[in-house]
Amino acid sequence: MTNAEYRAGGDDAPVVNVTATDAQAFARSAYNGSLPTAEEWDHAAGFHDQQGQEGPSRRSGTPWVNRAAAGPVRRPGGADISYFELLDMSGNGREWTRTILNDGSGNDVRDVASPTGTEKVVLRGRNFALDRPLTFKMLEAERNIQPLTAPANRPSPFTGFRVVLKVP
């Protein structure tokens, strides 16, 4: 989701500094969609059909990571393109999902429209300031050991979101 799409004005850089609650509300009201679950995000990144790749980016891709820039950017042509032709799955920003991490009892997929401050939302992707782009090995560790999370009501300059649209 870009700043221009989210704010009805602005640039084509990914929108950041929004809470999971605000992102989910926007997805619903603007597109009749939702945030992806962690599993949907993983599927979109190509985790279940890796085709010999190390990560979500096609071999010729250049994920936006290891940058000291002030925030995520939108590059013409989208150098980091996934197998499903989605931009920036390997870098440029973490992303909210609608998967909530329970206290040691596994993940619970549900609507994050009104989470409490103690609920931790599972994040996916990699932010631009990290030294390496997301790989499938990293994603597997997040899936099986400990996912990266953030409080649903806390915005971050490193976290944006995608919208999953319902297909009739």
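Give the residues of region 150-168 that are open to solvent by less than 40 Å² (accessible area, probe 1.4 Å) and not hydrophobic (A, V, I, L, M, F, W, C), sorted by residue number.
Listed by number, the residues that qualify are Pro151, Ser156, Thr159, Gly160.
Of all the numbered requirements in (1) modelled with pLDDT under 85; (2) buried (at least 19 other Cβ atoms within 10 Å of the Cβ); (3) out of contact with any helix residue (DSSP H, G or I) (no Cβ under 9 Å at 6 or more places or on another chain), Asn127 misses one, and that requirement is (1). Checking each residue in region 1-33 for being touching a Lys or Arg at 6+ places or on another chain (Cβ under 6 Å) and surrounded by fewer than 17 Cβ atoms within 10 Å (Cβ to Cβ) picks out only Asp12.
Determine if region 9-24 includes at least one residue that is part of a loop (DSSP other than H, G, I, E, B) and free of Cβ contacts under 8 Å to residues at least 60 places away in the same chain.
Within region 9-24 (the criterion being part of a loop (DSSP other than H, G, I, E, B) and free of Cβ contacts under 8 Å to residues at least 60 places away in the same chain), the answer is yes, since at least one residue qualifies.
Out of Pro115, Pro36, Pro72, one residue alone is closer than 22 Å to Ala152 by Cβ, modelled with pLDDT under 75, assigned to a loop (DSSP other than H, G, I, E, B) and open to solvent by less than 70 Å² (accessible area, probe 1.4 Å). It is Pro115.
The values are calculated or read from the model by the stated rules, or taken from the named source; none is laboratory data. Just so it is clear, the model here is predicted, and its values are computed rather than measured. We place every Cβ from the backbone using ideal geometry, glycine too, and count neighbours over all the protein chains shown. Ligands, DNA and RNA are excluded from the accessible area calculation, which covers all protein heavy atoms including side chains. Shrake-Rupley method; radii C 1.70, N 1.55, O 1.52, S 1.80 Å.
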